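Working notes, structure below.
Read the figures in this text as sums done on the coordinates, not as results from a lab. As the structure is a computational prediction, the values presented were derived from the model and not from experiment. Cβ: placed from backbone, ideal geometry, glycine included. Neighbour counts: every protein chain shown.
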Amino acid sequence: GYVARSAFKLLQIQKQHRLITPAAAVLDLGCAPGAWLQVACQSLGPIAAGGSVLGVDTKKIKPPPLHCDSRVRTLSADVTTLPRRRLRALSPAEKGFSVVLSDMCPSVSGITTKDAALSFELAMRALDLALGDRIHGPGADDDDDGGGGVLRVGGHLVVKLLESEDAKEINHISKPFFKKTSWLRPKATRPSSREIYLICQCLKPT
Ligand code: SAM
């Protein structure tokens, strides 16, 4: 099976929205221990179909052997300081990714407002990486990137958030750039958890 129960969340997202198609170029932010890597690679279909998955996490991980093949690579890095330029250089033909997933979450303090704030920051970072100058305007970014996000036109973005007013704000920010955005609370989510996924489909051309 899968290395973590979180696999079933991405499986449900896949079932409902079919974001990962054969030959997709997937970026998985906060990939450890690797269940989403397994589901993402499985969703690419047979190896001959091509495609790739790049996972990033502060924790060092090896892609789990089951369901992950040579199309899956991982990078140990902190997403909050990883330049877009570096990620772009790691994308197929440096053309960016067709799907960006973020299941990142902070180590939970138990203080509701603090956890929600940290989770909002990580989600904003995922949005930053995906959309780049589109949300800041050129030159407004102080990391050393210069330029666009790593999500290709027509691509999809999935971001985990903790339910809060800030979470709605992320939807307001991203909505104009996509054909469709929606919320999904997977059945595999523990009843006590406030996590929810923002699904952004089909990035519009600039
Ligand atoms: N989707 C994963 C899976 O299915 O195996 C589970 C992800 S887990 C819920 C959240 C992950 O986010 C943790 O492994 C954590 O290390 C990672 N994370 C949190 N902050 C991060 C950051 N700033 N940079 C990279 N990874 C981060």
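Each Lys and Arg contributes +1 and each Asp and Glu -1, all at the Cβ; summed about the Cα centre of the chain, the dipole is approximately 860 debye.
Computed with the Debye formula from one identical point scatterer per Cα of the chain, without solvent, the log10 of I(q)/I(0) at q = 0.12, 0.18 Å⁻¹ comes to -0.55, -1.36.
Membrane-span-like helices in the chain, defined purely by DSSP H runs whose alpha carbon atoms cover 24 Å or more axially and whose average Kyte-Doolittle hydropathy reaches 0.0, are 112-131. Kindly work out what percent of the DSSP beta bridges joining two residues of the range 7-203 are antiparallel, to the nearest 5. Once the DSSP bridges in the range 7-203 are tallied, antiparallel ones form about 40 percent.
Compute the Cα gyration tensor for the range 61-140, then decide on rounded, prolate or oblate, letting a ≥ b ≥ c be the square roots of its eigenvalues: rounded whenever a/c is under 1.5, prolate when a/b is larger than b/c in the other cases, and oblate in all that remain. It is oblate, given that a/c is not under 1.5 and a/b is not larger than b/c. For the chain, modelled as a GNM whose springs connect Cα atoms under 10 angstrom apart, the maximal fluctuation among 64, 186, 176 occurs at 176.
Let me make sure I get this right: for the range 146-206, a, b and c are the square roots of the gyration tensor eigenvalues over alpha carbons, sorted descending. Under 1.5 in a/c it's rounded, otherwise prolate if a/b > b/c, else oblate. Which is it?
prolate
Projecting the Cα atoms of 196, 12, 164 onto the charge dipole of the range 7-203 (Cβ charges, centred on the Cα centre) puts 12 farthest toward the positive pole. Comparing Cα centroids, the range 100-134 and the range 143-206 end up 10 angstrom apart. For residue 4, the residues 5 or more places off, or on other chains, whose built amide H falls under 5 Å of its own are 35. Note: relative contact order over the chain, using C-alpha pairs below 8 Å and six or more positions apart, is 19 percent.
Summed over qualifying helices (DSSP H, 4 residues or more, each -39500 (n - 2.57)) and divided by its residue number, the chain shows a 222 nm mean residue ellipticity of -8500 deg cm²/dmol.
Close amide H pairs (under 5 Å, H built 1.01 Å from N) link residue 91 with 96, residues at least 5 positions away or on another chain. Once both labels are positioned 7 Å from their Cα atoms along Cα-to-Cβ, the gap between residue 188 and residue 112 label points is 2.7 nm.
Annotation: amide H of residue 132 within the under-5 Å range of 149, 150, sequence separation 5 or more or interchain, hydrogens built in the peptide plane.
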